[in-house]
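Contents: one structure, followed by commentary.
The values are calculated or read from the model by the stated rules, or taken from the named source; none is laboratory data. Quick caveat, the model's predicted, so the values are computed rather than measured. Ideal geometry is used to build each Cβ from the backbone, glycine not excepted, and the neighbour counts take in all protein chains shown. Note: accessible area is taken over every heavy atom of the protein model, side chains too, but ligands, DNA and RNA are not part of it. Shrake-Rupley method; radii C 1.70, N 1.55, O 1.52, S 1.80 Å.
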Amino acid sequence: ELQVDELQRLLAGMEKEHRALLLKMKEGEAELARLRSVEGDKLAQQDRSAQLEKEVAMLREKIHHLDDMLKSQQRKVRQMIEQLQNSKTVIQAKDAVIQELKERVAYLEAEVSL
């Protein structure tokens, strides 16, 4: 009977230890799941960060390309303005020559009329 009592006491102790270990195991599993979730969130954030870095690099490249195109267009506009100014100067010079020739014609017509 003493041995049975001792075995029952040991069995009860083992059951108590079993419940404690089960509880500890469930707590560990919960902590592990939480850590995996946090790690998953970190991986998702790292993936998003990498994706955003790629997008930023692509946008920088596009901006650089657009800047180059803008500078090229500005050069063309400046050249066109310069050509217009040169043409305007040539036209003014020709207008002055035409005006001078008209004055000579008028003078010669006046001389012939006399």
Legend entry - Neighbourhood charge, 11 Å Cβ-Cβ cut-off, centred on ARG36 and excluding it, Lys, Arg +1 and Asp, Glu -1: -2
Inset, instruction - Report, in degrees rounded to the nearest 10, the 0 to 90 angle that the Cα long axis of helix 2-113 makes with the longest principal axis of the chain. - result: 0
Inset, instruction - Return the single residue from VAL90, VAL38, VAL77 with maximal mean-square fluctuation; model: Gaussian network over the chain, springs between Cα atoms under 10 Å. - result: VAL90
Inset, instruction - Quick one: net charge around LEU101, please, counting Lys, Arg +1 and Asp, Glu -1 for every other residue with C-beta under 14 Å from its C-beta. - result: -1
Legend entry - Positive dipole terminus of the chain, leading residue within VAL77, LEU21, ALA44 (C-beta point charges): VAL77
Legend entry - Label of the coordinate-derived value, log10 I(q)/I(0) by the Debye sum over Cα atoms at q = 0.09, 0.19, 0.23 Å⁻¹, listed as (i) -0.50, -1.06, -1.24; (ii) -0.26, -0.99, -1.32; (iii) -0.71, -1.06, -1.16: (iii)
Inset, instruction - Under 14 Å from the Cβ of LEU10, count the other residues' Cβ atoms, weight Lys and Arg +1, Asp and Glu -1, and hand me the total. - result: -2
Inset, instruction - State to the nearest 20 debye the size of the charge dipole of the chain about its Cα centre, where the only charges are +1 on K and R beta carbons and -1 on D and E beta carbons. - result: 520
Legend entry - Probe 1.4 Å, all protein chains present, accessible-area order of SER72, SER113, SER37, largest first: SER113, SER37, SER72
Legend entry - Calculated FRET efficiency for the pair LYS26/ASP5, C-beta based, R₀ 22 Å, to 0.05: 0.10
Inset, instruction - Using only protein heavy atoms and a 1.4 Å probe, report how much of LYS88 is accessible, in Å² to the nearest 10. - result: 130
Inset, instruction - Pull up the cross-link candidates among the aspartates and glutamates for LYS71, meaning alpha carbon to alpha carbon under 20 Å and not fewer than 8 places away within one chain. - result: GLU61, GLU82
